[in-house]
1. Looking at this structure, is B:E52 without any contact (Cβ under 8 Å) to a residue 12 or more places away in the chain and more than 30 Å from A:L23 (Cα to Cα)?
2. Restricting attention to the range B:130-178, which residues are touching a residue at least 24 places away in the same chain (Cβ under 8 Å), of a type in the set (K, R) and not in a strand (DSSP E or B)?
3. If you go through the range B:1-15, how many residues are more than 19 Å from the chain's Cα centre (by Cα) and not in a strand (DSSP E or B)?
4. Within the range B:131-143, track down each residue that is more than 7 Å from chain A (Cβ to nearest Cβ) and out of contact with any helix residue (DSSP H, G or I) (no Cβ under 7 Å at 6 or more places or on another chain).
5. For a quick check of your reading of the model, give me the residue pairs whose first member lies in the range B:74-89 and is free of Cβ contacts under 8 Å to residues at least 40 places away in the same chain and away from chain A (no Cβ under 14 Å), whose second is polar (S, T, N, Q) and surrounded by fewer than 17 Cβ atoms within 10 Å (Cβ to Cβ), with beta-carbon atoms closer than 8 Å and at least 6 apart or on different chains.
6. Just to verify a result, which residue in the range A:1-16, among those that are under 22 Å from B:P164 (Cβ atoms) and at the interface with chain B (Cβ under 7 Å from one of its Cβ atoms), is surrounded by the fewest Cβ atoms within 10 Å (Cβ to Cβ)?
7. Can you confirm whether the range B:144-155 contains a residue that is under 30 Å from A:D33 (Cα atoms), buried (at least 18 other Cβ atoms within 10 Å of the Cβ) and within 14 Å of chain A (Cβ to nearest Cβ)?
8. Those residues that are more than 24 Å from B:F140 (Cα to Cα) and more than 8 Å from every other protein chain (Cβ to nearest Cβ), I need them from the range A:17-52; list them, please.
Amino acid sequence: MINDKKLPLVADMRDESAEDIRLVIEPRARTVDAEILMETLFKLTELESRIP
Amino acid sequence: MIDGQGNFGNIDGDNPAAMRYTEARLTEVAQLLIDGIDEDAIDFRPTYDGLENEPLVLPGAFPNLLANGSQGIAVGMATPYRRTMPRSCAMRPLHLIDNPNARSNTLLKYVQGPDFPTGGLIVDSRETIAEAYATGRGSFRVRARWHKEETGRGTYMIVVTENPLAVQKGRLVERLAE
């Protein structure tokens, strides 16, 4: 999705998990608001999902 | 319930190892379910083919359905039972024993919502959750838990530490990065 430019606010994402989960998301610019970035991610990805 | 040794699968969705590579034993909680079964505490009846015996009722000393949940699939319908924190699922039966006619609202004092093994945050309102518990229908919107980490000179990065249940981490990263 990052390569398809569906997430214009995100520059990079990588998985640094070891024992614990640790997904690192880098914003495209320092001016990007973290809350807004996460809202778009929640909307477009499985970071938010509906569990029956 | 089961204390395993070896590869039992992981959150990326990789499969567990074949059974010849793993070992397992019952935990104390699992042993509570069959506590006293060899002391003639309950009645047995033959199974459907008469080859073995099964308990008529198995009164477990641990509320396993509440704690571990369950899932039933039929034609055209399915019913998942969600897990609950062990402490609060012990309180609920205790309250029901004292007050058999307790309403779901009072029971919600002990159980505020399900407990997902992978963590995450429920973003539904308290009313929506109460409604789901009262009617037995509904679903929960679960979000990943995240925080901001400053990396100096005003730049930052976002770190996700818990993702919603049933979302395989490996697949999530794959889909996001592609």
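Just so it is clear, none of the values below were taken in a lab; they were calculated from the coordinates. Quick caveat, the model's predicted, so the values are computed rather than measured. Cβ coordinates were reconstructed from backbone atoms using ideal geometry, including for glycine residues, and neighbour counts include every protein chain displayed.
1. Details: without any contact (Cβ under 8 Å) to a residue 12 or more places away in the chain: yes; more than 30 Å from A:L23 (Cα to Cα): yes.
Considered against the rule, which asks whether it is without any contact (Cβ under 8 Å) to a residue 12 or more places away in the chain and more than 30 Å from A:L23 (Cα to Cα), B:E52 comes out as yes.
2. Listed by number, the residues that qualify are B:K169, B:R171.
3. Restricting attention to the range B:1-15, the residues satisfying the condition of being more than 19 Å from the chain's Cα centre (by Cα) are B:5-7, B:14-15.
Next, from what is left, pick out any that are not in a strand (DSSP E or B): B:6-7, B:14-15.
So the answer is 4.
4. Start the filter on the range B:131-143 by keeping residues that are more than 7 Å from chain A (Cβ to nearest Cβ), which leaves B:131-138.
Residues satisfying the conditions are B:E131, B:A132, B:T135, B:G136, B:R137.
5. That search, which allows pairs on different chains as well, returns B:S88/B:Q112.
6. So, considering only residues that are under 22 Å from B:P164 (Cβ atoms) and at the interface with chain B (Cβ under 7 Å from one of its Cβ atoms), the one surrounded by the fewest Cβ atoms within 10 Å (Cβ to Cβ) is A:M1.
7. Filtering the range B:144-155 down to residues under 30 Å from A:D33 (Cα atoms) leaves B:144-155.
Applying the additional criterion that residues be buried (at least 18 other Cβ atoms within 10 Å of the Cβ) yields B:144, B:146.
This time we only want the ones that are within 14 Å of chain A (Cβ to nearest Cβ), so: B:144, B:146.
Looking through the range B:144-155, at least one residue is under 30 Å from A:D33 (Cα atoms), buried (at least 18 other Cβ atoms within 10 Å of the Cβ) and within 14 Å of chain A (Cβ to nearest Cβ).
8. Matches in the range A:17-52: A:A18, A:E19, A:R28, A:A29, A:T31, A:V32, A:D33.
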